[in-house]
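Written out below as structure tokens is the structure these notes cover.
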Amino acid sequence: TREFHLHVLVSSPHRHTGLFPYAHPRPRVYLQDIFVLLSERPSPDTSRQLVSAVELSVYNIPATSCGIVYVSKVDSTGQGIFPSPTSTLVKALLTYYSDRETRPIHVDTLWIQLFARAQNQYLFPNSSEHPGKHPLSDVKLCAWWKRVLGDVASGLEAKKQNTRLGLYYVLPGYN
């Protein structure tokens, strides 16, 4: 068994004008920024260690009943116990927003978009110096995301919610 603790920072939804800068009139868009930190306690007599973090933005466009979950950063410290809980955290977070029963915004269509670029560190400064951290290459990172998104989609399909589900992967620079 493992002991985890979630630390979640959530902004209040606020009006956002940057999503459609050239549309006239501009549709009303609301943005909520979310930052999730996961810490782990290796044993009962030790302090918690930060293990993983996810930064995402949730856009709500009421005029079209659409929402966008944009995952901008996912990072780990490499200090947690093996196996890393990062993929489980990301899957749970995306499932929470994808599932109509748990989704905190009321939209008919939800898009999940992300930015994936292999870096040694994103959210945890100097984490690349930790020997337990193993950054993925660009190709392996794309494969990791495809597996994570596929698992989320499989879970939703298993619930049979009358949901039309489509998976599209666009990799700029690749045919």
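Residue check: Y168 meets all listed conditions (1) at pLDDT below 85; (2) touching a helix residue (DSSP H, G or I) at 6+ places or on another chain (Cβ under 8 Å) but one, namely (2). Within region 17-50, the residues that satisfy the criterion of being in contact with a strand residue (DSSP E or B) (Cβ under 9 Å, 6 or more places away or on another chain) and aliphatic (A, V, I, L, M) are L19, V29, L31, I34, V36, L37, L38, L50.
Being assigned to a loop (DSSP other than H, G, I, E, B) and open to solvent by less than 90 Å² (accessible area, probe 1.4 Å) is the filter here; which residues of region 13-32 pass it?
Scanning region 13-32 gives P13, H16, T17, G18, L19, F20, P21, A23, P27, V29.
Residues of region 101-123 that are open to solvent by 50 Å² or more (accessible area, probe 1.4 Å), part of a loop (DSSP other than H, G, I, E, B) and under 13 Å from K73 (Cα atoms): F115, R117, Q119, N120, Q121, Y122. Checked against (1) in contact (Cβ under 8 Å) with a residue 60 or more places away in the chain; (2) surrounded by fewer than 12 Cβ atoms within 10 Å (Cβ to Cβ), L156 passes all but condition (2). Between R2, R41, which is touching a residue at least 60 places away in the same chain (Cβ under 8 Å) and more than 19 Å from V148 (Cβ to Cβ)? Checking each option against the conditions leaves just R2.
Please determine whether any residue of region 47-66 is within 23 Å of V139 (Cβ to Cβ), touching a residue at least 40 places away in the same chain (Cβ under 8 Å), in contact with an Asp or Glu (Cβ under 9 Å, 6 or more places away or on another chain) and polar (S, T, N, Q). No, there is no match, as no residue in region 47-66 is within 23 Å of V139 (Cβ to Cβ), touching a residue at least 40 places away in the same chain (Cβ under 8 Å), in contact with an Asp or Glu (Cβ under 9 Å, 6 or more places away or on another chain) and polar (S, T, N, Q).
Inspect region 124-134 for any residue being within 24 Å of D75 (Cβ to Cβ), of a type outside the set (S, T, N, Q), part of a strand (DSSP E or B) and open to solvent by 60 Å² or more (accessible area, probe 1.4 Å) and give the result as yes or no. No; the residues of region 124-134 include none that is within 24 Å of D75 (Cβ to Cβ), of a type outside the set (S, T, N, Q), part of a strand (DSSP E or B) and open to solvent by 60 Å² or more (accessible area, probe 1.4 Å). Can you tell me which residue in region 90-100 is farthest from Q121 (Cα to Cα), limited to those that are open to solvent by less than 20 Å² (accessible area, probe 1.4 Å) and in contact (Cβ under 8 Å) with a residue 40 or more places away in the chain? So, considering only residues that are open to solvent by less than 20 Å² (accessible area, probe 1.4 Å) and in contact (Cβ under 8 Å) with a residue 40 or more places away in the chain, the one farthest from Q121 (Cα to Cα) is D99. Kindly evaluate T64 against the criterion of being part of a helix (DSSP H, G or I) and more than 10 Å from the chain's Cα centre (by Cα). Against the criterion (part of a helix (DSSP H, G or I) and more than 10 Å from the chain's Cα centre (by Cα)), T64 does not qualify. Restricting T86, T46 to residues that are closer than 25 Å to S128 by Cβ and crowded, with 19+ Cβ neighbours inside 10 Å narrows the list to T86.
The values are calculated or read from the model by the stated rules, or taken from the named source; none is laboratory data. Not measured: the values here are computed from a predicted model. Here the Cβ is made from the backbone with ideal geometry for all residues, glycine too, and neighbour counts use every protein chain on show. Side chains are part of the model used for accessible areas, which takes the heavy atoms of the whole protein and leaves out ligands, DNA and RNA. Shrake-Rupley method; radii C 1.70, N 1.55, O 1.52, S 1.80 Å.
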